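The values are calculated or read from the model by the stated rules, or taken from the named source; none is laboratory data. The structure displayed is predicted, hence computed values, not measured ones. Note: ideal-geometry Cβ built from the backbone for every residue, glycine included; neighbour counts use all protein chains shown.
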Amino acid sequence: MKIKFLGTGGGRFTTISQQRMTGGFRIDDINGQNYHFDPGPGALVRTYQFGLNPIDIDGIFVSHSHTDHYNDCEIMIEAMTKGMTKEKGIIIGSGSVFEGFQQWGPCISKYHQSKSKNIILSANKTQKIGNMNIKGTKTLHGDPTGVGFQLEHENIKISYISDTLYFDDLWKYHESADILIGNIIRPKDEHIRGHMTGNNFIQVINQVKPQIAIMTHFSLKRKDENPEIEANRIKKETGTNTIAAFDGMELEINKKSPKDSKVTILKDKCINNKNNKIRAMNIFKKDNYKQTTINQKFNSNSNKSFSPSVEKSKKYK
Ligand SMILES: [Zn+2]
Ligand SMILES: [Zn+2]
C-alpha cells in the first residue's frame, strides 16, 4: 500500500500559480485497488509526470466543491472508465460534488456520474467497498457538505482530514488513525478562515496519536518557508513522526508497523525541463552551447539520454 502525492499545494493562489502542484494524492494497492483523492488542477498531467497510469484507478474521492480539490475529476473519471466506455469504479464525495448545494457544485456532470457507483458521504456515514471500510468525517469549511475520509483496510487506518477549521471534537472522527493526513495551509498560529494551522495539527495529533502524521495543502505564503521546519517543530512537540509532504513523495506503508513506513521519491518524467533551462541559458553563451550540443547523445527513445549533457553543462554555470 502506497500513498503518492501528485500535489501538495492548496488554496487559490498556490493553485493559480502552481508554485506547488495541486493533483491531490493516490493511495495505490489497497487490496489491489488504486484510489485518487481530491484530483485538483493538473491531476491528470501529474499522474503521467510521476509515471502513473490514470486508467488503473478504481475510485475517486472528492472531499468538497473547491476547485483545488475537484477540477480534474471529470477527466479522471473518463480515464478510469476508459473514455466512458466501461462501467467501472466508484466516485465518493460530499453531497455538493454530485448534486450541488447552495452555490457549491455540482462538480461532476450527470454524464460523468453515469458509469461508476456514486456514493455521497457525510460525517460518520460509512460505506463498505470490498473489505475496505470508508467513513465520512466532519469538516467546518466553505462548502457546508464537505467531508474528510477515513479508510480502514486490514487493520490499517488512514485518515484524510481535508480542508476544515479546527474544532473541539475533530479528533473523534479520526480516532485510532495510523496515518493522519492534514491540510495545514499555514504554520504555527497563522490562522486563515476555514483552515487548520500547524498548532491546530499539534492538537489533533496529540488527541489521535497516529503513528505517522503528514502535512499537505500548503499555501503560497509558505513558499519562502520550509514546511519541513514546521514538520520538525510538530514532531518535537508531539513525539509523533510528522512529515511535510512534497510533490512526488511516496510513502510505502509498512502494514505490520506503520511507523516504519518508508518515504521514497516518484521519478519525475518532466525532469528534462532542466535540460531546456540549460539550453535556454546556453543560447546566450555560444561557446558553451556548442560544447553542450556536442556532448549530447540524442536518442529519441530514451529521456535518460539527455542526462549526460546535464552533467556536462553544469560545469559551465
Ligand atoms: Zn483546499
Ligand atoms: Zn476548500
Condition first: modelled with pLDDT under 95 and either within 16 Å of ligand 2 (Cβ to nearest atom) or within 20 Å of TYR35 (Cα to Cα) (or both). Can you find one or more residues in the stretch 167-187 that meet it? yes
Can you report the number of residues in the stretch 54-75 which are in contact (Cβ under 8 Å) with a residue 24 or more places away in the chain, away from ligand 2 (no atom under 16 Å from the Cβ) and more than 15 Å from the chain's Cα centre (by Cα)? 4
Enumerated helices (runs of 4 or more DSSP H) restricted to the stretch 1-120, each holding at least 1 residues that are surrounded by fewer than 18 Cβ atoms within 10 Å (Cβ to Cβ) and within 16 Å of ligand 1 (Cβ to nearest atom): 12-17, 67-70
Taking the stretch 121-159 on its own, how many of its residues are out of contact with any His (no Cβ under 9 Å at 6 or more places or on another chain) and assigned to a strand (DSSP E or B)? 14
Would you check if ILE185 is touching a residue at least 12 places away in the same chain (Cβ under 8 Å), surrounded by 22 or more Cβ atoms within 10 Å (Cβ to Cβ), within 17 Å of the chain's Cα centre (by Cα) and closer than 22 Å to LYS125 by Cα? no
Are any of the residues in the stretch 76-99 of a type in the set (Phe, Trp, Tyr) and within 15 Å of ligand 2 (Cβ to nearest atom)? no
Hey, among the residues in the stretch 1-22 that are in contact with a Phe, Trp or Tyr (Cβ under 8 Å, 6 or more places away or on another chain) and within 16 Å of ligand 2 (Cβ to nearest atom), which one's farthest from PRO187 (Cα to Cα)? GLY7
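Conditions tested, residue by residue: (1) in a loop (DSSP other than H, G, I, E, B); (2) under 20 Å from the mean Cα position of the chain (by Cα); (3) not assigned by TED's automatic domain parsing to the domain that holds TYR166.
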residue: PRO210; (1), (2), (3): yes, yes, no
residue: MET215; (1), (2), (3): no, yes, no
residue: GLU230; (1), (2), (3): no, yes, no
residue: ILE234; (1), (2), (3): no, no, no
residue: GLU237; (1), (2), (3): no, no, no
residue: THR242; (1), (2), (3): no, yes, no
residue: GLU250; (1), (2), (3): no, yes, no
residue: LYS255; (1), (2), (3): yes, no, no
Check ILE16, ILE3 and return the single one that is of a type outside the set (Gly, Ala, Ser) and out of contact with any strand residue (DSSP E or B) (no Cβ under 9 Å at 6 or more places or on another chain). ILE16
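Here are some residues: PHE167, PHE201. Which one is touching a residue at least 24 places away in the same chain (Cβ under 8 Å), of a type in the set (Phe, Trp, Tyr) and not in a loop (DSSP other than H, G, I, E, B)?
Just a single option satisfies the conditions, and that option is PHE201.
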